[in-house]
Amino acid sequence: MARVAIVTGGTRGIGAAISIALQAQGRTVVANYAGNDAKAQAFADETGIAVARFDVGDHQAVLDGVAAIVAAHGPVDIVVNNAGITRDAVLHKMSFDDWNEVMRINLGGCFNLAKATFPGMRERGWGRIVNIGSINGQAGQYGQVNYAAAKSGIHGFTKALAQEGAKFGVTVNAIAPGYIDTDMVAAVPAPVLEKIVAKIPVGRLGQAEEIARGVAFLTSEEGGFVTGSTMSINGGQHMY
Ligand code: CAA
């Protein structure tokens, strides 16, 4: 039977490319989304991928959402924690809400999904968790103390949980994307983005599919010896 994969934020941007790549690998994919029913339904109609609405930052909603997925599709063997938001502002203009929402969703989401799925993976002796970090969690970014802290936290979370999963056949890895051609990056003011792209040695933004290929490798059957690692896919912008 096909292994079941959940991709959070899986109907748009990098997440949509990941859902499609895992489906192409023969997984039964459920793409989670937070609010945009119309876009999610369009994605489901186009790809045949099931969609599930819940807020990854809401602990109980995640437990209930995952329980419904298990009831419909079977145990979850693969989780890709991709859902994330930005609330960019320099610190002196950043509100506590800007800080808290980014921590709650970007970092809290990883904990919530892991709580709902890791114990089962551990019991069954096989699992794959991939957390989507960011170049900005590795290098920092002006105007992103919230996002950089959450993404940096994801890298620590990954290495800690990898140690807990290793002897149970559960790998936990991170991917740190650079600037990828998505709505999130399109929201960066054009003059700022131009300066950022000028610093990317490969000379362009990345494509969502270039991140998805990394996820497909890390979640593959053959990926069992790779754990606790961070794969940087950033066009050479930060060599780490
Ligand atoms: N380094 C140094 N100085 C910078 C800077 C930078 N990267 N960015 C802006 N500044 C400076 C400006 O030059 C300006 O200086 P002066 O006042 O001396 O002219 C000052 O900061 C204020 O800049 P803004 O006018 O832009 O101020 P603002 O308050 O309107 O906006 C900001 C500040 C929110 C940080 C805005 O510049 C911005 O959105 N920057 C982009 C941040 C970014 O890269 N976000 C990534 C989003 S994509 C993502 O996160 C995905 C991923 O994982 C990669």
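The values are calculated or read from the model by the stated rules, or taken from the named source; none is laboratory data. All figures in this text were calculated on a predicted structure; none of them were measured in a lab. When we count neighbours, we look across all protein chains shown, and the Cβ atoms used for this are built from the backbone with ideal geometry, even at glycine.
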Exercise. Evaluate the following for residue 130: is it more than 24 Å from residue 229 (Cβ to Cβ) and within 16 Å of the ligand (Cβ to nearest atom)?
Key: no
Exercise. Quickly run through the range 83-104 and pick out the residues that are within 11 Å of the ligand (Cβ to nearest atom) and within 21 Å of residue 186 (Cα to Cα).
Key: 84, 85, 86, 87, 88, 89, 90, 94, 98, 102
Practice problem: Could you pull out the residue among 179, 240, 147 that is aromatic (Phe, Trp, Tyr), buried (at least 20 other Cβ atoms within 10 Å of the Cβ) and farther than 22 Å from residue 19 by Cβ? | Solution: 147
Quiz item: Quick check: anything in the range 88-98 buried (at least 21 other Cβ atoms within 10 Å of the Cβ) and of a type in the set (Val, Ile, Thr)?
Solution: no
Quiz item: Hey, residue 48 hits all of (1) without any contact (Cβ under 8 Å) to a residue 60 or more places away in the chain; (2) at negative phi but one; which does it fall short on?
Solution: (2)
Quiz prompt | Criterion: touching a helix residue (DSSP H, G or I) at 6+ places or on another chain (Cβ under 7 Å) and surrounded by fewer than 23 Cβ atoms within 10 Å (Cβ to Cβ) - qualifying residue of 187, 116, 174 | solution = 116
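Listed here are the residues, each with its yes/no results for (1) over 30 Å from residue 123 (Cβ atoms); (2) surrounded by fewer than 18 Cβ atoms within 10 Å (Cβ to Cβ).
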position	(1), (2)
5	no, no
29	no, no
64	no, yes
86	yes, no
Quiz item: For the range 170-229, which fully contained helices (runs of 4 or more DSSP H) count at least 3 residues that are out of contact with any Cys (no Cβ under 9 Å at 6 or more places or on another chain) and either under 25 Å from residue 118 (Cβ atoms) or at pLDDT 95 or above (or both)?
Solution: 190-198, 208-218
Quiz item: With 210, 194, 164 as the choices, which residue is farther than 20 Å from residue 111 by Cα and more than 12 Å from the ligand (Cβ to nearest atom)?
Solution: 210
Self-check item: Where a residue in the range 70-95 is touching a residue at least 40 places away in the same chain (Cβ under 8 Å) and its partner, wherever it lies, is within 14 Å of the ligand (Cβ to nearest atom) and of a type in the set (Ser, Thr, Tyr), with Cβ under 6 Å and at least six apart
Solution: 86/147
Quiz prompt | Subset tally (residues that are near the ligand (Cβ under 10 Å from one of its atoms) and not aliphatic (A, V, I, L, M)) for the range 141-155 | solution = 6
Practice problem: Might you let me know whether the range 47-65 holds any residue that is at pLDDT 95 or above and within 16 Å of the ligand (Cβ to nearest atom)? | Solution: no
Quiz prompt | Sole residue being within 11 Å of the ligand (Cβ to nearest atom) and within 19 Å of the chain's Cα centre (by Cα), chosen from 182, 171, 158 | solution = 182
Quiz item: Which is under 30 Å from residue 92 (Cα atoms), free of Cβ contacts under 8 Å to residues at least 24 places away in the same chain, among the small types (Gly, Ala, Ser) and touching a Gly at 6+ places or on another chain (Cβ under 9 Å), of 148, 176?
Solution: 148
